[in-house]
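Q: Sending over a structure as structure tokens; questions will come in a sec.
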Amino acid sequence: MSSLIRKETATAVAAQEQVGQYLTFLVGGETFAVSILDVKEIIEIASVTRVPLTPDYIHGVINLRGNVVAVIDLSARLSRSPSQVSKRSCIVLVAMEINETLQLVGMLVDEVREILEIPAANIQPAPDFGADIRTDFIEAMARIDDVFIILLALDRVLSLEELSMLGELTEAEALRSAPAE
Amino acid sequence: MNELDTALAIFAQEAEELLADMEDALLSLDQDPDNSETVNSLFRAMHTIKGSSGLFGFEPIVAFTHEAETLLDKVRQGERAIDSNLIAVLLESKDHVAKLIEHCLNANGPALPAELAATGLRLISQLNGGVQTAIQQGTGSADEKIFSEGGGEISVDEHWLISLEFKQDSFRDGIDPLSFLRYLKTLGDIKQILTAANGMPSGEAMDPESCYLHFKIAFQSEATKETIERVFEFAADDCEIKILPPNAKIGEYLALLDAQDETQVRRIGDMLVQVGALTEHDVEHALQAQTASVESQTVDGAKPKPLGEILVEQHVVQQPLIDQALKKQEQTKQKIASEANYIRVDATKLGHLINLVGELVISSAAMNLIVEKHGLSDASDIAAGMNALVNSIRDTALELRMVQIGDTFSRFRRVVHDVSKELNKDIQLLISGGETELDKTVVEKIQDPLTHLIRNALDHGIEHPEQRLAAGKPAQGTVQLNAYHESGHIVIQIADDGAGLNSEKILEKALANGLVKKDHGLSRREIYNLIFAAGLSTKDQATSLSGRGVGMDVVKKNIEALRGSVEIDSEEGQGTTISIRLPLTLAIIDGFMVGTASERYIIPLSMVDECIEMSANECEIDEIQHYINLRGRVLPYLRLGDYFGNTTANANQRESVVVVKFGQTEAGLVVDELHGEHQTVIKPLGKVFERLKGITGATVLGDGTVALILDVQGLIQAAIDHKPKALAHKPALRRV
């Protein structure tokens, strides 16, 4: 009996010792975080070329050392208004895997904050409702000093299959917004 | 590459183990000849080696192990007894297989060294039932006489000529010539039999138990030479068999010889065996005769007779076939000799080089920009010189990947031959423009669509000979493959002189499938292009080849993925021509840079026909109708800035119209600025923009910014489908 109790406390300690590093950033005044392991690079915003006939969440393409990389406007992607590019705006580059090849995708964020160490014990599953973004975009909620921040599920937020449904989505959106006008 | 090497290493190891097991098994069989499990393991060893060699295309091993396997199967079935002789032969065979494997793994050349080949043949004959006696030389002249006597009377144009010379001991060995003739009848018609009784001695000298008769048979059959030869398989030891193919078949053999691939020099016998003009038995026979004659003639120092001559003398093959095979062999030799000037380079290395050249082109453009910007007159000469060099490096680098399309075309000879046989049609393939060059990656990717289109032409296009004759056309159908360069593109045409497309039938099907609506007023050409839509087949019955209504849409998709286009033209009853236009390369294009407000776009230069100023005086601008009068022609246009939703457009600026042309369609793109020619290194836009219409890729400009490359065809198509409000009531585009 006593050994069982000791084991339980041991696992609790182990869970507390498991600390993940997360990059936090601001989008539309709200703080989000992603695991640092997903982030390849953070670059200043350079000249972005607009790609016509694409939905708002496609900010454009940039030249990253000779390769053309798509930049996603995270604010628009999370169903907020398109972000205003400022001095503090940054592009967070992440590698998405598709058909076993890695493809770089950039996320436009308003401001990069800091790298936080969050113990696994402080991470909780996403609530079923209550958040103002699509629940499947939320990987988990992390508690930092009594404030919850959202850990983004990058494989869904930047799902290449979904992002590439450009035409279909815009048409669908147009249809949806038409009756409202 | 690496995977193949690994696989080969595994194969070598596996074969070595199997052969070691085989040796053990053989040695134990010596002690215990009735152990069926051991025989089984021998059979499996040969079978496994044969199978895996086949995977790697090691023909010599496959051929040899096949014989060994056949024999072991017979042993397994109890048809042949194991004795010490057989075990000795099998042991030698095992060593031979080991040598063959070593040869195939080490030497890249497919041709076997002479002694290996000779050992192989000897072993095979030993495996196949006893030691074959040397050919009896003495009877040669007598045979010749009989042949010439008989040959004169038998028509060899359409009939196989089979000559059977049974030996005197045939009856004693249990061979009954009549039973063979009866069996032969099951394969076809015996048109005529000449019985030569020259060998019959008179009176008492004749032994009724001896066979003196020789037969010459004119035989009509569709069977292959090998099948006919197999009839006499059991009599092989007691009978001289010569089978001469009908003259009518020569044409077919010649065509097949022509279609043989030219990647390796092969022995003449092998070439003829492959097309079916000879059987391996014939070649073996002739080789023995050759060796025998060498042995008898070494004293005089005379050269041995060539194999071809011996084959003709033995009446197993006609002279024209030998000539053709020799010619082909010579061609192949020449081709391989010229290939010796080539270096094989890993395609990824080449790809890397081309990428680097692409970067070089971009940075050279950047340097020019800086030199111009700062007005460095000293540097401008050097910069211009370097620019010229970079251009020629670019061209040369791209040429490295260029290959002639001829090889791809030639492969279809075989397809046409096989398919026309399968369909009972008589079709010839004419090839022209084989020397036209294009990028290797394009060649690889165009192969499947081409195969599909050719199969379609063969199956749907060309009619059966009776129908063709009824329509007043020659019975033989023609499919033409042609390639030529046209303004930075390569055009590949597939033309057949078949039935053509029935536009009414297509329209009917399309209406039934809901692809188009009634009263659409489609032109004939537009109707033909409907066959590229998914799910449309005018064939009432699907065959194994085509007709299921899938495929043409895939063909179109594949071609469009290569930034190409496909057009179809047809004349009912006269034939169909399909033209595929493809860019020469996928890596770098000559572009034409235009600007709308602050944005810059690249139009592939090959599509730009001309640029005109958009002025109210010269062209009658109609703001509502969106078309202009271009020297009396109606030219619909698209305002690029508006279409792309660029809100910062400068209304006061003078606009220009870039007239673009693809295939038969012309349209205008209205832009604010013309920046001129630009060497464009195409960068993929990636998965996210895969479905974006109107934009095909991107490029990095000298100043480091990204410019998008317009897909003119997709853009116009999207504009037609989209029909913005201003264009809705007018067709956005008209064919000229």
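The values are calculated or read from the model by the stated rules, or taken from the named source; none is laboratory data. Just so it is clear, the structure is predicted and the values come from calculations on it, not from any experiment. Positions of Cβ are generated from backbone atoms using ideal geometry, with glycine treated the same way; all protein chains shown enter the neighbour counts. Keep in mind that these areas ignore ligands, DNA and RNA; they rest on the heavy atoms of the full protein, side chains included. Shrake-Rupley method; radii C 1.70, N 1.55, O 1.52, S 1.80 Å.
Q: Being more than 14 Å from the chain's Cα centre (by Cα), at pLDDT 55 or above and of a type in the set (D, E, K, R): is that true of A:Glu162 here? Can you show your working first?
A: Details: more than 14 Å from the chain's Cα centre (by Cα): yes; at pLDDT 55 or above: yes; of a type in the set (D, E, K, R): yes.
Yes, satisfied.
Q: Picking from A:Val112, A:Val48, which residue would you name as being open to solvent by less than 50 Å² (accessible area, probe 1.4 Å) and in contact with a Phe, Trp or Tyr (Cβ under 8 Å, 6 or more places away or on another chain)? Please lay out each step first, then the result.
A: Details: A:Val48 fails: in contact with a Phe, Trp or Tyr (Cβ under 8 Å, 6 or more places away or on another chain).
The match here is A:Val112.
Q: A follow-up question, please. Identify all residues within segment A:20-30 that are over 14 Å from A:Asp110 (Cβ atoms) and either open to solvent by 50 Å² or more (accessible area, probe 1.4 Å) or outside any strand (DSSP E or B) (or both); write none if there are none.
A: Scanning segment A:20-30 gives a single hit, A:Gln21.
Q: Given the conditions (1) touching a helix residue (DSSP H, G or I) at 6+ places or on another chain (Cβ under 6 Å); (2) at pLDDT below 85, which single one is not true for B:Ile494?
A: (2)
Q: Going by the conditions given, is A:Ala33 in contact with a strand residue (DSSP E or B) (Cβ under 9 Å, 6 or more places away or on another chain) and either open to solvent by 30 Å² or more (accessible area, probe 1.4 Å) or at pLDDT below 75 (or both)? Show your work before the answer.
A: Numbers: in contact with a strand residue (DSSP E or B) (Cβ under 9 Å, 6 or more places away or on another chain): yes; either open to solvent by 30 Å² or more (accessible area, probe 1.4 Å) or at pLDDT below 75 (or both): no.
So A:Ala33 does not fit the description; no.
Q: Let me ask something else about it. Starting from segment B:592-616, keep only residues that are assigned by TED's automatic domain parsing to the domain that holds B:Asn646, then list their pairs with residues that are modelled with pLDDT of 85 or more and of a type in the set (Lys, Arg) whose Cβ atoms are within a distance under 7 Å, requiring at least 6 positions of separation or different chains.
A: From segment B:592-616, the pairs are B:Met593/B:Arg600; B:Glu599/A:Arg50.
Q: Next question. Inside segment A:23-51, can you point out the residues that are touching a residue at least 60 places away in the same chain (Cβ under 8 Å) and under 11 Å from the mean Cα position of the chain (by Cα)?
A: A:Leu23, A:Thr24, A:Phe25, A:Leu26, A:Val27, A:Thr31, A:Phe32, A:Ala33, A:Val34, A:Ser35, A:Asp38
Q: State all residues of segment A:115-142 that are of a type in the set (A, V, I, L, M), surrounded by 14 or more Cβ atoms within 10 Å (Cβ to Cβ) and in a strand (DSSP E or B); if no residue qualifies, say none.
A: A:Leu116, A:Ile118, A:Ile123, A:Ile138, A:Ala140, A:Met141, A:Ala142, listed by residue number.
Q: Also, quick follow-up: Restricting attention to strands (runs of 3 or more DSSP E) lying wholly within segment B:654-716, give those where 2 or more residues are over 37 Å from the mean Cα position of the chain (by Cα) and not polar (S, T, N, Q).
A: Details: elements: B:655-662, B:665-671, B:673-681, B:695-700, B:706-710.
Those strands (runs of 3 or more DSSP E) span B:655-662, B:665-671, B:673-681, B:706-710.
Q: Identify, by number, the condition in (1) at pLDDT 80 or above; (2) of a type in the set (Val, Ile, Thr); (3) more than 26 Å from B:Glu677 (Cβ to Cβ) that B:Ile336 doesn't meet.
A: Here B:Ile336 clears every test but (1).
Q: Within segment B:692-715, which residues are among the hydrophobic types (A, V, I, L, M, F, W, C) and either open to solvent by 10 Å² or more (accessible area, probe 1.4 Å) or facing another protein chain (nearest Cβ under 8 Å) (or both)? Even if it seems obvious, please write down each step before you answer.
A: In the first step, residues of segment B:692-715 are kept if they are among the hydrophobic types (A, V, I, L, M, F, W, C); the result is B:692, B:695, B:698, B:700-701, B:706-710, B:712, B:715.
Matches in segment B:692-715: B:Leu692, B:Ile695, B:Ala698, B:Val700, B:Val706, B:Ala707, B:Leu708.
Q: Please state which one of A:Met107, A:Met96 is touching a helix residue (DSSP H, G or I) at 6+ places or on another chain (Cβ under 6 Å), within 12 Å of chain B (Cβ to nearest Cβ) and either open to solvent by less than 50 Å² (accessible area, probe 1.4 Å) or within 13 Å of A:Phe32 (Cα to Cα) (or both).
A: Only one candidate passes the filter, namely A:Met96.
Q: Let me confirm something: among A:Leu169, A:Leu175, which residue is outside any loop (DSSP other than H, G, I, E, B), within 14 Å of chain B (Cβ to nearest Cβ) and at pLDDT below 80? Even if it seems obvious, please write down each step before you answer.
A: Values: A:Leu175 fails: within 14 Å of chain B (Cβ to nearest Cβ).
After applying the criteria, what remains is A:Leu169.
Q: While we're on this one: Could you list, in sequence order, the residues of segment A:51-93 that are part of a loop (DSSP other than H, G, I, E, B) and at the interface with another protein chain (Cβ under 8 Å from one of its Cβ atoms)? Before you say what the answer is, go through the steps one by one.
A: Kept after step one, since they are part of a loop (DSSP other than H, G, I, E, B), are these residues of segment A:51-93: A:51-57, A:65-66, A:78-89.
Selection gives A:Val51, A:Pro52, A:Leu53, A:Thr54, A:Gly66.
Q: Looking at this structure, is A:Leu102 aliphatic (A, V, I, L, M) and either touching a His at 6+ places or on another chain (Cβ under 8 Å) or modelled with pLDDT of 90 or more (or both)? Lay out the reasoning, then the answer.
A: Details: aliphatic (A, V, I, L, M): yes; either touching a His at 6+ places or on another chain (Cβ under 8 Å) or modelled with pLDDT of 90 or more (or both): no.
So A:Leu102 does not fit the description; no.
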